[in-house]
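What follows is calculated from the coordinates using simple rules that are stated; it is not laboratory data. Predicted model, so just to flag it, every value in this text is computed and none were measured. Positions of Cβ are generated from backbone atoms using ideal geometry, with glycine treated the same way; all protein chains shown enter the neighbour counts.
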Amino acid sequence: MVVFLANRGNLQSKRLHDRIHNRLDGELTDVRRRRTEPRDAGQYRVIGEVDPRQFLDDPDYPATTARIEVGFRLRTGDPSEHYWCNWIEPDRDLLVGWHQDDTHDDLGPVHVQVNDGSRTVEHRPARFLDTHPLDILERRLDALSDLVIAVEWDDGRPVGLDTAVESL
């Protein structure tokens, strides 16, 4: 386990996203940093393509293409950064991931979200990690396989998360 003791107050968005890019560059392909669209929160996202069968260590996984998108917004009105760490399968219209932002206050500071295309099918509270963004990235990447596998499907569409999965 890598421990980051850097002063979070001195983080700069572009530099942080460059470090995320460097971290993902070994595991994913076509890793790139991009500016967000005006409707997106935060300045940057780091996006990388992944082979789901290899990443999930499941040769029978039904999708053959996926991507991981990670972004942090450092200067917020909240006591901690906002972030988004998503697994996206374009061919199956699946998005599943962690969001620490100012939406869904009833769920706490962090929630897990499952989308079928542009429609959200589930929100669930998730564990808050009060640590450096690069440590958050490591912990979320370590748990990403379990999260993706926990997605429940009905007739080829994502419908939510397995209720037995608690430690998100």
- request: Could you state the angle between the C-alpha long axis of helix 13-25 and the longest principal axis of the C-alpha atoms of the chain, as a value from 0 to 90 degrees rounded to the nearest 10?
  value: 40
- prompt: Using r as the Cβ-Cβ distance of Asp18 and Glu152, and R0 as 45 Å, what FRET efficiency do you calculate, to the nearest 0.05?
  reply: 0.80
message: Could you list Val165, Val148 so that the one with the fewest beta carbons within 10 Å of its beta carbon is first and the one with the most is last?
response: Val165, Val148
- prompt: To the nearest 0.05, what FRET efficiency results for Thr64 and Ser118 with a Förster distance of 22 Å applied to their C-beta separation?
  reply: 0.45
Mean residue ellipticity (222 nm) of the chain, computed from DSSP H runs ≥ 4 via -39,500 (n - 2.57), nearest 500: -6000 deg cm²/dmol
- request: First obtain the Kirkwood hydrodynamic radius of the stretch 9-161 from its Cα pairs, then insert it into the Stokes-Einstein equation at 10 °C and 1.306 mPa s, and state the resulting D in µm² per second as a whole number.
  value: 100
message: Between 0 and 90 degrees, rounded to the nearest ten: what's the tilt of helix 133-149 against the longest Cα principal axis of the chain?
response: 10
